[in-house]
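Heads up, the thing below is written out as structure tokens.
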Amino acid sequence: MHKNRRRAILVFSLPTLLFYVYFFIDPLAKTFYYSFFDWNAITEKKFVFLENYAKLFQDRVFYIALGNTAYLSALSLFVMIPLSFVLAYILYTQIKGFKFFRTVFFIPVVVSTVSVSLIFSFIYEPNFGMLNTLLRAIGLDTLAFTWLSDKATAMTAVSVPFLWQNVGLMMMILLAGMQTMSEEILEAAEIDGVNRWQKIWYVVIPLIRNVIQVVIVFAITYAFKVFDHILLLTQGGPIHRTEVTGTYMYNEGFRFLKYGYGTTIAVSIMLVALAAAFLANRLIGRDSDDDAGSIKKLEKI
């Protein structure tokens, strides 16, 4: 009976395992493999071992792209996640029109990236775009920039559509976490006389700490996956000011046909993203989320 059960588990797990190996493990292994070659994806491959990695460590543009990606990650952590938390908490309190606002905030998530980029290209247009038109209308002509081609504003400008499109997803994940919180603990906090900010800091955040960790990992990985917005709005310009690791990998691998070097960049992106997500998880800590732990925090207020 025990052998039959193990055999049944294996049979039902095998399709998923094969799917995982074929669509994840195999491409990952091939990416590592090709990173050791000088290859344009057309002619014969030339084995160069670690030369691509040595070249990458000396590549000034790669460091610019990595810095821009780190900037996006920082915006995700310190702007998008706090804003998502605020919106989620407001919706959690069941404000009037809760379902309407929940839908409105989530709509950008399901809109295609091409559409979002096109909308923001019209908003940022220097002559008749909505943003500069509004600034001129209220007498702030000096703040009307060529947002996507000015070196001082380009990176922030292309970051806004990315944040705007993803804040709704993070909000929904946090809201789902808040809806699983124990009502008894929340009521106990109110009976103890804590104010709203103490309730959020000592009760809500500890109760959804694991959910926050998930959101942080998502935010960092999404920042490292940014590609569409940059390619459609600036193509990495001006002078690599908006170049991110995704666009640099694309340009090197497919535009300039340096396939081996492009896969080297891809491997580096994966390793840096994993390290960043791991570090963020370590920094937020792994405090217990159970009711007893939360009650102890309440007692310290």
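A short reminder: the numbers here are calculations on the coordinates, not readings from a lab. Predicted model, so just to flag it, every value in this text is computed and none were measured. Note: ideal-geometry Cβ built from the backbone for every residue, glycine included; neighbour counts use all protein chains shown.
For volume of the Cα convex hull per residue in Å³, the candidate list reads (1) 141; (2) 219; (3) 180; the entry that matches the value derived from this model is (2). In the chain, helices alone account for a calculated mean residue ellipticity at 222 nm of -20500 deg cm²/dmol, with every DSSP H run of four or more residues adding -39,500 (n - 2.57).
Put in order of Cβ neighbour count within 10 Å, fewest first, the listed residues MET181, MET171, MET130 become MET130, MET181, MET171. Note on the chain: GNM, Cα springs under 10 Å; of THR142, THR69, THR245, the largest mean-square fluctuation is that of THR142. Near TYR53, once Lys and Arg are set to +1 and Asp and Glu to -1 for all other residues with Cβ below 13 Å from its Cβ, the sum equals -2.
Extension gain for the segment LEU186 to LEU18, taken as residue separation times 0.36 nm less the Cα-Cα distance, is 55.9 nm to one decimal. Among the chymotrypsin sites (Phe, Trp or Tyr not before Pro) in region 118-153, those located in a DSSP loop and surrounded by at most 14 other Cβ atoms within 10 Å of their own Cβ are PHE128. Each of GLY177, TYR259, LEU14 was placed along the dipole of the chain (beta-carbon charges, centred on the mean Cα), and the one lying farthest toward the positive end is LEU14. A simple spin-label model places the labels of GLN94 and THR113 3.9 nm from each other, with each point 7 Å out along Cα-to-Cβ.
Inter-label distance, ARG282 to ASN4: 5.0 nm, where each label sits 7 Å from its Cα along the C-beta direction. Of the DSSP H helices in the chain, those that are both long (alpha-carbon extent of 27 Å or more along the helix axis) and hydrophobic (Kyte-Doolittle mean at least -0.5) are 154-178, 259-284.
In this rough spin-label picture, where each label sits 7 Å from Cα along the Cβ direction, the THR153-ILE25 distance is 5.1 nm. Based on Cα contacts under 8 Å between residues 6+ apart, region 35-300 shows a relative contact order of 30 percent.
On the beta carbon distance between LYS225 and TRP197, with R0 = 22 Å, the FRET formula returns roughly 0.05. Distance between the C-alpha centres of region 93-133 and region 141-178: 10 Å, rounded to the whole angstrom.
Taking other C-beta atoms within 10 Å as the exposure proxy, ARG282, ARG102 rank ARG282, ARG102 from fewest upward.
GNM on the chain, alpha-carbon springs under 10 angstrom: the most fluctuating residue among ALA157, ALA219, ALA137 is ALA137.
Counting Lys and Arg as +1 and Asp and Glu as -1 over every other residue whose Cβ lies under 14 Å from the Cβ of THR234, the net charge comes to -2.
Remark: for residue pairs LYS99/LYS199; LYS225/LYS258; LYS151/LYS258; LYS30/LYS55; LYS55/LYS258; LYS30/LYS258, the C-alpha separation exceeds 22 Å in LYS99/LYS199; LYS151/LYS258. Placing a label point 7 Å from the Cα of ALA137 along the Cα-to-Cβ direction, the residues of region 113-131 whose backbone N falls under 18 Å from that point are 120-131.
The chymotrypsin sites (Phe, Trp or Tyr not before Pro) of region 48-113 that DSSP puts in a loop, and whose beta carbon has at most 16 other beta carbons within 10 Å, are PHE49.
Using the Cβ atoms and a cut-off under 13 Å, what net charge is assigned to the surroundings of LEU148, where Lys and Arg are +1 and Asp and Glu are -1?
Summing Lys and Arg as +1 and Asp and Glu as -1 gives 0.
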